[in-house]
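Here, each number is a calculation from the coordinates, and none is a lab measurement. This structure is a prediction, so every number in the text was calculated from the model and none was measured. Methodologically, a virtual Cβ is constructed for each residue, glycine included, from the backbone with ideal geometry; neighbour enumeration extends over all protein chains shown.
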Amino acid sequence: MTMSGRQCGDCTLCCKVMAIEELAKPVNTWCAHCKPGHGCLIYLNRPAECRSFACVWLVNELLGDHWKPNQSKLVLTTSDDGLEVRCDPGFPDAWRKEPYHSELREWAISGEALDMTVVVVVGQRMTLVTPEHEFDLGIVGPDERIVRELEGTKVVNATVAKASDLEQ
Ligand code: SF4
Ligand code: SF4
């Protein structure tokens, strides 16, 4: 049950692209308990991480039907910084397809004033989408953070730094 009334139905893409710590399941591999296109074989006993997870498409009807993850090949989640867009690794260019690419750009434009980022994740590679650029950040490790260089609210450069270096 969700607030939006949407249901996962035949989508199981988060069970592939998301990491599940409790199961030591890495990103971008099918969970051993998933029957792709059908659902979870241990649904009643699935980990808390899975119980609490809902992608943005599931909970937000502002996102069009075409964003359904098994159709778009993109799983959207939010972080403290903004929107994260994870590509099905079998379709690494899914985010460049229309209408998705244009909508990502529109969100980057509306997010700029709010300091909300749009980050596309393909495998371990990340791309920061801004109104004017796409910053290919390469492989961003779990201990690394995206550092944006701003002029006003406009992002003029983006790099990656170790989280531990930023804390110093
Ligand atoms: S990606 Fe979203 S719609 Fe698809 S199974 Fe996961 S929560 Fe449901
Ligand atoms: S345990 Fe079930 S819900 Fe959780 S990732 Fe695996 S298949 Fe998906």
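Below are the figures for this structure:
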| quantity | calculated |
| --- | --- |
| When residues of the stretch 14-28 are limited to those that are surrounded by 12 or more Cβ atoms within 10 Å (Cβ to Cβ) and away from ligand 1 (no atom under 13 Å from the Cβ), the one farthest from Ser79 (Cα to Cα) | Leu23 |
| Number of the exception - Leu114 against (1) hydrophobic (A, V, I, L, M, F, W, C); (2) under 16 Å from the mean Cα position of the chain (by Cα); (3) under 18 Å from Val56 (Cβ atoms) | (2) |
| Residue satisfying all of: in the stretch 83-104; among the hydrophobic types (A, V, I, L, M, F, W, C) and in contact with a helix residue (DSSP H, G or I) (Cβ under 7 Å, 6 or more places away or on another chain); surrounded by the fewest Cβ atoms within 10 Å (Cβ to Cβ) among these | Leu83 |
| Breaking point among (1) of a type outside the set (Asp, Glu); (2) surrounded by 18 or more Cβ atoms within 10 Å (Cβ to Cβ); (3) more than 24 Å from Pro26 (Cβ to Cβ); (4) touching a Pro at 6+ places or on another chain (Cβ under 8 Å), for Trp107 | (4) |
| Every residue from the stretch 34-57 that is in a loop (DSSP other than H, G, I, E, B), more than 13 Å from ligand 1 (Cβ to nearest atom) and surrounded by fewer than 16 Cβ atoms within 10 Å (Cβ to Cβ) | Leu41, Ile42 |
| Only one of Cys31, Cys11 that is within 10 Å of ligand 1 (Cβ to nearest atom), surrounded by 12 or more Cβ atoms within 10 Å (Cβ to Cβ) and either in a loop (DSSP other than H, G, I, E, B) or free of Cβ contacts under 8 Å to residues at least 12 places away in the same chain (or both) | Cys11 |
